[in-house]
1. Give the residue, chosen from A255, A221, A239, that is under 30 Å from the mean Cα position of the chain (by Cα), part of a strand (DSSP E or B) and at negative phi.
2. Within segment 39-73, work out how many residues are open to solvent by less than 90 Å² (accessible area, probe 1.4 Å) and in contact (Cβ under 8 Å) with a residue 24 or more places away in the chain.
3. Kindly indicate whether any position in segment 283-302 is closer than 27 Å to V156 by Cβ, modelled with pLDDT of 85 or more, in contact with a strand residue (DSSP E or B) (Cβ under 6 Å, 6 or more places away or on another chain) and of a type outside the set (D, E, K, R).
4. Given the conditions (1) exposed (fewer than 11 other Cβ atoms within 10 Å of the Cβ); (2) modelled with pLDDT of 70 or more, which single one is not true for S29?
5. Exactly one condition in (1) surrounded by 18 or more Cβ atoms within 10 Å (Cβ to Cβ); (2) within 16 Å of A228 (Cα to Cα) is not met by I132; state its number.
6. Considering each residue of segment 246-295, count those that are of a type in the set (A, V, I, L, M, F, W, C), out of contact with any helix residue (DSSP H, G or I) (no Cβ under 9 Å at 6 or more places or on another chain) and open to solvent by 80 Å² or more (accessible area, probe 1.4 Å), and give that number.
7. Exactly one condition in (1) surrounded by 15 or more Cβ atoms within 10 Å (Cβ to Cβ); (2) at pLDDT 85 or above is false for S184; which is it?
8. Could you grab me the full set of residues in segment 220-243 that are closer than 17 Å to G152 by Cβ and free of Cβ contacts under 8 Å to residues at least 24 places away in the same chain?
Amino acid sequence: MRLPRTERLTDRPDHTLVGVIRMPEAAVSPVQSIVRRIIGATLALAATVAIVYVGRDGYRDTAGGELSLLDVVYYATVSLSTTGYGDITPVSPLARLVNVLVITPLRVLFLIVLVGTTLEVLTERSRQAFKIQHWRTKVRDHVVVIGYGTKGRSAVTALLGDGADPQRIVVVDTDHAALETASSLGLVTVNGSGTRSDVLRVAGATRARAIVVAPARDDTAVLVTLTARELAPKAQLVAAVREAENVHLLRQSGADSVVVSSETAGRLLGMATTTPSVVEMFEDLLTPDAGLAIAEREVEPLEVGGSPRHLPDIVLGVVRDGNLYRVDAPEADAIEDGDRLLYVKKVTPVEP
């Protein structure tokens, strides 16, 4: 769904953002959908049969005689299907009132269930519009991932591996295939360019806890970082670039952390030729699913005043007032109240 450059998403009501924002949906197979419709139609028919049978004295059959259960089932079937032969009709005021207030709504429900493909689409759009409106008013402290290429997907995998709620991760991209892939993981997606401030506002960037900038081009990353930092001055902003010479541009644009993807991959490739076991260890540390992983935790009261090198955990550094001190730095000799420890933890794989 392409939008004119002059049309700002933030000026549009929430219900018009269906197709721009996509909320995750539980997948339902065609067989399940058909079974649900048949059950719904059967329940509507059964309810009609019960109502008419209880008030059968108020109906007249042109063939004469009192209505039997078969007659009631016959009347309910032709009535709900809108065939209406007219051989059995409500004659008493109560029976007619029941037809107006109960049978007619059941007839509409019956048609919606059986012939509801078009109506289902409309209902889905309405449901999406309601979910979008609810999400936009409630979302706080989430993570916005701008760009869902190789780097963006890896970032999302790491977040999910650390236990992040998929519905608290918002993916912004213009590639429909990438957005479909993200949506299949239960992520909220926004169709648009991360360089546009209105797109980032729709993604909730102003209230985000962290923003990951991972487009394919370095110049785009700089522009996205500038836009994101202006909208979210307090968010943790992490950006990826291909070339190390562009790191200072990302820093000046407001990025808190910059990852050089090409240099990092190049170093690992070079190390793999001489010390492949080191590369294997790096991969283990960076994979959150099993083995070892780098994590951060709060300092426990009994640890205050001690040395991080004497703890049972393998401590790599101390985070104090937003600054990271390596474990061999003088500032990390003694743990202070309020510090956070960067350490290596054992990850137990989840049983399938």
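The values are calculated or read from the model by the stated rules, or taken from the named source; none is laboratory data. Please read these numbers as outputs of a predicted model, since none were measured by experiment. Neighbour counts are summed over all protein chains in view; Cβ atoms, including those assigned to glycine, are modelled from backbone coordinates with ideal geometry. All accessible areas refer to the heavy atoms of the entire protein, side chains included, with ligands and DNA or RNA removed. Shrake-Rupley method; radii C 1.70, N 1.55, O 1.52, S 1.80 Å.
1. Numbers: A255 fails: part of a strand (DSSP E or B); A221 fails: part of a strand (DSSP E or B).
The unique qualifying residue is A239.
2. Total meeting the criteria: 15.
3. For segment 283-302, residues closer than 27 Å to V156 by Cβ, modelled with pLDDT of 85 or more, in contact with a strand residue (DSSP E or B) (Cβ under 6 Å, 6 or more places away or on another chain) and of a type outside the set (D, E, K, R): absent.
4. All conditions pass for S29, except number (2).
5. Just one mismatch for I132, condition (2).
6. Initial filter on segment 246-295 (of a type in the set (A, V, I, L, M, F, W, C)): 247, 249-250, 255, 258-260, 265, 268-269, 271-272, 278-279, 281-282, 285-286, 290, 292-295.
Checking which are out of contact with any helix residue (DSSP H, G or I) (no Cβ under 9 Å at 6 or more places or on another chain) leaves us with 247, 265, 281, 285, 295.
Pick out the ones that are also open to solvent by 80 Å² or more (accessible area, probe 1.4 Å) and you get 281.
Matching residues across segment 246-295 total 1.
7. Checking S184 against (1) surrounded by 15 or more Cβ atoms within 10 Å (Cβ to Cβ); (2) at pLDDT 85 or above, the one that fails is (1).
8. Within segment 220-243, the first condition is being closer than 17 Å to G152 by Cβ, and the residues that meet it are 220-225, 227-228, 235-242.
Across segment 220-243, the qualifying residue is only V241.
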